[in-house]
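Nothing in this text is a laboratory measurement; each read-out follows from the coordinates by a stated rule. Keep in mind the model is a prediction, meaning the values are calculated, not measured. Using ideal geometry, Cβ is built from the backbone for each residue, glycine included, and neighbour counts are taken over all protein chains shown.
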2 protein chains.
Amino acid sequence: MLKRFLVPEKDRVYVKEEAARGATEMIFRKMGMTDEDATRSADVLLTSDLRGCESHGVSNMLRNYVALYGAGRQNPTPNIKVLRESPVSATLDADQGLGIQVGPQAMEMAIEKAETTGIGAVAIQNCGHVGMLAYYPLQAIKHDMIGVCMVSAGGGLQVPLWGSEPVFGTHPIAWGAPADKQPPFVFDVATTQVAANKLMLTRRIGSHLEPAWITGLDGEPIMDEVDSPNYGGFYMLPFGGTRENGGHKGYGFATIVDIMSGILSGNGPGFLAGGNQHSQFVMAIKIEAFLDAADFKADMDKLLERLSTMKPVEGQERVYYAGLIEHEEVQIRKEQGIPYHREVVDWFNQAAGELELNYSLP
Amino acid sequence: MLKRFLVPEKDRVYVKEEAARGATEMIFRKMGMTDEDATRSADVLLTSDLRGCESHGVSNMLRNYVALYGAGRQNPTPNIKVLRESPVSATLDADQGLGIQVGPQAMEMAIEKAETTGIGAVAIQNCGHVGMLAYYPLQAIKHDMIGVCMVSAGGGLQVPLWGSEPVFGTHPIAWGAPADKQPPFVFDVATTQVAANKLMLTRRIGSHLEPAWITGLDGEPIMDEVDSPNYGGFYMLPFGGTRENGGHKGYGFATIVDIMSGILSGNGPGFLAGGNQHSQFVMAIKIEAFLDAADFKADMDKLLERLSTMKPVEGQERVYYAGLIEHEEVQIRKEQGIPYHREVVDWFNQAAGELELNYSLP
């Protein structure tokens, strides 16, 4: 994560993972989730926070979920319907459950199919927020599988290259693969220049946006360093930004996500989906279907070691690969606690009072 | 394609598709290919030229292939071995056949598997040049399937973000999906800022490279507009170029390709593969495994029409989606002929003499 997204040191309160996890589970149970779903959903959020991806952890998301439940716009006890199924595939209706609640179950289903057939893919329509996408490939990696996840998050944020109107959300993609001794490769990116949640983070921590990250409401790229406007005051550019830097590539990947997640699940193109009607595509590929997993993982070690031990260009300390720094952050945060912004801890403790829950952070 | 890659009008010779196709097939047969393989391989090149992707058509590639056969470094009659197979997957050893010869057969195999099971994926090790990747999803689209292709093209060209040494090739990705009335979505991009073949095209047509497209041999990004150096005189940056414009995203997708194509096929990481030892991954996903193909294609029409009829930002004529302009170009070129550079036509006619073949272009 770029430094501009880190919580400033003076505002940090270190909270032990177990404490934040316990409080989060309590809140989900209070919202009406079963114990199992509360555990599952909290694990997605806490895994984000442990990996240093606080844009998708409890700090940005939990209060939104509570507000949605309060407004009756999210179903804590969804009746997940299987709309179509084959030995390699399934299409699910999530019945307006949270993505972080239904998604992990869908990936488990994909993994079971892949265990039997070699590949499993599940498309989900009609779900809520899906959280940090890296979570889903991480599930597959534990089973010596390659994991993929794509999410169509509506259509009101991202403009096509050269387009004046938004038709996509941030439409993220994640892809992961296991290694043997090296931490796994876990790639997780928005197809916009930056995740929308991260724009909102800059507002809390007082940093700026880069040129060609966002557009005005006429679709014209904003080429100055600006403060992040609020939702509704901007649109976002596909990654690459300009044509010369590959903006058509970001736009193309966003379209792939709209197709694989939105259209293939039956949720429809993002720009026609309702406000909280997200969709998700997950796929698990069993490595043994192609070659011995031990050989695959030995080659992964060779690649990942080559990348992470390479001499960096001048001015950079180190070359990373996707998932490496996040893996290291987990070790650190499991020991030191998660550095939340003090506002987040205040919110947790205030929520305990309002919801009559028996916890206190840190 | 950016205008800088077009053949200048004064150098264009229009050649009818059938004439170029016939000459190309003759050359492949002369190199030792079977009739069927010559037809198949020529179709990959001519489809590129018809789509306006001349960087991957006969002009850049055919003389390379002829040179490789001449040097005994490419096998015209490969004995394709099935190393592992399941109802959804296969791993092939291409026995040093050209990618454009073995790849279409691998995608046919994936399509047959997907027809039966819902998903089919084939990984190929030890093949030669794979041509324009869009060709492979186009095969799947004809069967109401989504098609995917990734190619690890060695390891000597692309540096990781912030890295000083190349470990990837241009490592392209293609993804396509059918629509009903709209031309299909067909996305095909290098994970570098630009395809290597296109850099070489700029040399023929005398245009410049953009800032942050390539690096020096120390990995430092070249931020000026420069003439393209020859192979061996530069490395390439992942798409996005800089961290702020998503260079880590291009780098991540390049890593995915190295894994899905190189490692999963058993070819190994690109940086350890031999000079002409490419690999390929193709996948076909049957839409009916998830929902009715008619519903999928109706939604595709809604998405693609929304994109292509949108008001562009100031200074742009039109918003495209991937595959649209290429589809239109096919109609034009089937009628008018393919605008080859006169040097290419000269090469063809010279080759006819040297190889004792009975054709003359245009």
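Here are the numbers:
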| item | result |
| --- | --- |
| Estimated vicinal HN-Hα couplings, Hz - the stretch B:126-134 in sequence order (Karplus 6.51, -1.76, 1.60; Gly, Pro = x) | 6, 10, x, 4, 9, x, 6, 5, 3 |
| Ranked by how many other beta carbons lie within 10 Å on average, peptides B:107-118, B:311-322 from highest | B:107-118, B:311-322 |
| The stretch B:267-342: equivalent-ellipsoid semi-axes (sqrt of 5 x gyration tensor eigenvalues, Cα, Å) | 31, 26, 16 |
| Listed residues B:P87, B:P166, B:P339, most fluctuating in chain B (Gaussian network, C-alpha, under 10 Å) | B:P87 |
| Within the stretch B:72-141: Cβ-based charge dipole about Cα centre, in debye rounded to nearest 20 (Lys, Arg +1; Asp, Glu -1) | 180 |
| For A:G323, distant residues with modelled amide H under 5 Å away | A:V186 |
| Charge dipole magnitude, Cβ of K and R +1, D and E -1 - the protein assembly as shown, Cα centre, debye nearest 20 | 260 |
| Estimated distance in nm for a label pair at B:E220 and B:A71, the labels positioned 7 Å out from Cα along Cα-to-Cβ | 3.2 |
| Contact order relative to length of chain A, as percent, for alpha carbon pairs under 8 angstrom and 6 or more apart | 22 |
| Per-residue ³J(HN,Hα) for the stretch B:329-338, Karplus 6.51 cos²θ - 1.76 cosθ + 1.60, θ = phi - 60°, Hz, x for Gly and Pro | 5, 4, 4, 5, 6, 5, 7, 8, x, 9 |
| Copy-to-copy label separations for B:M223, where each label sits 7 Å from Cα toward Cβ, in nm and ascending | 1.6 |
| Shape of the protein assembly as shown, Cα gyration tensor, a/c cut at 1.5 | prolate |
| Long-range amide H partners of A:V313 with built H, under 5 Å | B:G163, B:S164 |
| Shielding by partners, peptide B:267-276 (average Cβ within 10 angstrom, other chains) | 2 |
| Estimated vicinal HN-Hα couplings, Hz - the stretch A:184-193 in sequence order (Karplus 6.51, -1.76, 1.60; Gly, Pro = x) | x, 7, 9, 9, 7, 9, 6, 8, 7, 4 |
| Top of B:Q139, B:Q125, B:Q158 by mean-square fluctuation, Gaussian network on chain B, Cα under 10 Å | B:Q139 |
| In Å, descending, principal axis extents of the Cα set of chain A | 52, 49, 45 |
| GNM top mover of B:Q105, B:Q280, B:Q336 - chain B, alpha-carbon springs below 10 Å | B:Q336 |
| Nearest-20 debye value, the stretch A:79-326 charge dipole, Cβ charges on Lys, Arg, Asp, Glu | 160 |
| Shielding of B:280-290 by partner chains, average beta-carbon count, 10 Å | 4 |
| Cα shape, the stretch B:119-167, gyration tensor, a/c 1.5 rule | prolate |
| Residue exposure sequence - B:H208, A:H143 - by fewest surrounding Cβ within 10 Å | B:H208, A:H143 |
| Members of B:K249/B:K297; A:K297/B:K142; A:K181/B:K198; B:K113/B:K249; A:K10/A:K334 lying beyond 27 Å, as alpha-carbon distances in this model show | B:K249/B:K297; A:K297/B:K142; A:K181/B:K198; B:K113/B:K249 |
| Interchain or long-range residues, amide H under 5 Å from A:F168's placed H | A:L157, A:Q158 |
| Shape call, the stretch A:234-362: gyration tensor on alpha carbons, a/c limit 1.5 | oblate |
| Across the identical copies, how the A:D180 labels are spaced - nm, sorted shortest first, 7 Å along Cα→Cβ | 5.3 |
| Neighbouring partner chain Cβ atoms per residue of A:318-325, average, 10 Å criterion | 4 |
| Ascending list, in nanometres, of distances separating the A:E354 label from those of the other copies (7 Å, Cα toward Cβ) | 7.7 |
